[in-house]
Amino acid sequence: MAAMPDTPHNQSDPQYAAKCGQIAARLLAHAGPILIVAHEDPDGDALGSVLGLARPLQKLGLDARPIATAPRYLQFLTTAGELHQPMSELPANALVCVLDCGELYRMTGLPKDLGAPIINIDHHGTNSRFGEIALVSPDRPAACIMIKDVVDALEVQSGQQLWDAHLAMPVLTGIITDTGSFRYPSTTPETLHTAAELVGHGAPLGVINENLGIQPRNYFKLQALVLSTIEYALGDLVVMAHVNEAMLSESGATWEEVEALVSVIRSAEGTYIAALFKDRGEQVKLSLRSRTPVSAQNIAVACGGGGHVPAAGATMLMPLAEARAKALAEAERELQRVGLL
Ligand SMILES: [Mn+2]
């Protein structure tokens, strides 16, 4: 059962650079398997982080095992047989790296009760700072930025050259997807410097964007169905839409195709909050986006979820009508807090 997230802490880890070094040293000294996982329904940052840490460790001769399932649109990042299947039991003497994942209950691929040392590398303000080493920097727009810094530390400590195009591609992909192609205000000078270095290491920017921009044909049918549910609320400051199994059957699309739709409704003029309700019958997955000064994170936390200030979400164990009413009540509270209502 999901633990309720703590109050968000959105400031950076003051020991950031030292901890990157500590993590590198801990990984290099580990003799057993290193299992690398991320959050469920992996996005570009989750999969990019897993590949971005596994590949250099393997190059160094360590037994690093990336455990993930690549969604259709990210399969271009992986090589055949590279990703390991989920494990129901941990091998002996394992060290687990949990990446881009604020809470252990959101992790996928391993039993939740790990019984092994954990390295936690993440940028969600709602991260509960679990693990033997927790490197959490909510001021960084992607976990892949942090992976880049850990790999740099691995390079320094091992004295081996680790960066190449094969490694730089997934890491840059995670930065591109989590910054909305460098469009979100979370993008800093450091983000752009890191991206420039990765392009310098051979990451093919054009190939990545071309792959990320392709949508299966069913997506357009799905989009038409979901956009027909758009409604506005709370003085038109909130835009909402929903999607259910019937729309997926009618369009032939999958839940994977749904993720991009919250960004589509987010562009509605005059709105501060976009809410997409993914109606799974017994539960509703809520995706939230917000514009400054509104915090999607506050609304998500109040609904039992977590995330970032401008992009957050929650899994609500209730039918759609109830989830919608709860989310609207919390949206109203947040709009009042910032003085928009
Ligand atoms: Mn992320």
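Among the residues of segment 32-40, are any over 24 Å from S128 (Cβ atoms), surrounded by fewer than 23 Cβ atoms within 10 Å (Cβ to Cβ) and not β-branched (V, I, T)?
yes
Any residue in segment 255-269 that is more than 21 Å from the chain's Cα centre (by Cα), more than 16 Å from S287 (Cβ to Cβ) and surrounded by 14 or more Cβ atoms within 10 Å (Cβ to Cβ)?
no
State yes or no: is V98 of a type in the set (V, I, T), touching a Cys at 6+ places or on another chain (Cβ under 6 Å) and buried (at least 17 other Cβ atoms within 10 Å of the Cβ)?
no
Of the numbered conditions (1) farther than 22 Å from L225 by Cβ; (2) without any contact (Cβ under 8 Å) to a residue 40 or more places away in the chain; (3) away from the ligand (no atom under 16 Å from the Cβ); (4) within 22 Å of the chain's Cα centre (by Cα), V301 fails exactly one; give the number of that condition.
(2)
Picking from Q75, Q58, which residue would you name as being part of a helix (DSSP H, G or I), free of Cβ contacts under 8 Å to residues at least 40 places away in the same chain, closer than 22 Å to R26 by Cβ and open to solvent by 70 Å² or more (accessible area, probe 1.4 Å)?
Working: Q75 fails: closer than 22 Å to R26 by Cβ.
Just a single option satisfies the conditions, and that option is Q58.
Of (1) at pLDDT 95 or above; (2) within 15 Å of the ligand (Cβ to nearest atom), E40 satisfies all except one. Which?
E40 satisfies all of (1) at pLDDT 95 or above; (2) within 15 Å of the ligand (Cβ to nearest atom) except (1).
Kindly indicate whether any position in segment 19-29 is at pLDDT 95 or above, within 16 Å of the ligand (Cβ to nearest atom) and open to solvent by less than 50 Å² (accessible area, probe 1.4 Å).
No, because not a single residue in segment 19-29 is at pLDDT 95 or above, within 16 Å of the ligand (Cβ to nearest atom) and open to solvent by less than 50 Å² (accessible area, probe 1.4 Å).
Please determine whether any residue of segment 19-37 is in contact with a helix residue (DSSP H, G or I) (Cβ under 9 Å, 6 or more places away or on another chain), within 29 Å of A302 (Cβ to Cβ) and either touching a residue at least 40 places away in the same chain (Cβ under 8 Å) or in a helix (DSSP H, G or I) (or both).
yes
Hey, H193 hits all of (1) in contact (Cβ under 8 Å) with a residue 60 or more places away in the chain; (2) open to solvent by 70 Å² or more (accessible area, probe 1.4 Å) but one; which does it fall short on?
(1)
Give me the residue from segment 307-327 that is within 14 Å of the ligand (Cβ to nearest atom) and at pLDDT 95 or above and, out of that set, surrounded by the most Cβ atoms within 10 Å (Cβ to Cβ). Before you say what the answer is, go through the steps one by one.
So the first thing to find is which residues in segment 307-327 are within 14 Å of the ligand (Cβ to nearest atom), and the list is 307-313.
Those still in the list that are at pLDDT 95 or above too: 312-313.
Numbers: A312: 26, G313: 24.
Here the answer is A312.
If the requirement is being crowded, with 23+ Cβ neighbours inside 10 Å, farther than 17 Å from I133 by Cβ, acidic (D, E) and modelled with pLDDT of 95 or more, which of these qualifies: D63, D45? Give the derivation first.
On the way: D63 fails: crowded, with 23+ Cβ neighbours inside 10 Å.
On inspection, the qualifying residue turns out to be D45.
Only residues in segment 135-162 that are closer than 21 Å to S181 by Cβ and of a type in the set (D, E, K, R) count as the first member; pair them with residues that are within 10 Å of the ligand (Cβ to nearest atom) and assigned to a helix (DSSP H, G or I), Cβ under 7 angstrom, at least 6 apart or cross-chain, and list the lot.
From residues that are closer than 21 Å to S181 by Cβ and of a type in the set (D, E, K, R), the pairs are R140/M146.
What is the one condition in (1) over 21 Å from S287 (Cα atoms); (2) in a helix (DSSP H, G or I) that T177 does not satisfy?
Only one criterion is unmet by T177, namely (1).
Can you name every residue in segment 120-152 that is open to solvent by less than 20 Å² (accessible area, probe 1.4 Å) and more than 16 Å from the ligand (Cβ to nearest atom)?
Within segment 120-152, I133, V151 qualify.
Which of the residues that make up segment 10-44 are of a type outside the set (A, V, I, L, M) and in contact with a strand residue (DSSP E or B) (Cβ under 8 Å, 6 or more places away or on another chain)?
Of the residues in segment 10-44, the ones of a type outside the set (A, V, I, L, M) are 10-16, 19-22, 26, 30, 32-33, 39-44.
Selection gives D13, Y16, K19, C20, Q22, R26, H30, G32, P33, H39, E40.
The values are calculated or read from the model by the stated rules, or taken from the named source; none is laboratory data. No experiment lies behind these values; they were computed from the predicted model shown. Neighbour counts run over all protein chains shown; Cβ positions are idealised from the backbone, glycine included. Accessible surface areas use protein heavy atoms only, side chains included; no ligands, DNA or RNA. Shrake-Rupley method; radii C 1.70, N 1.55, O 1.52, S 1.80 Å.
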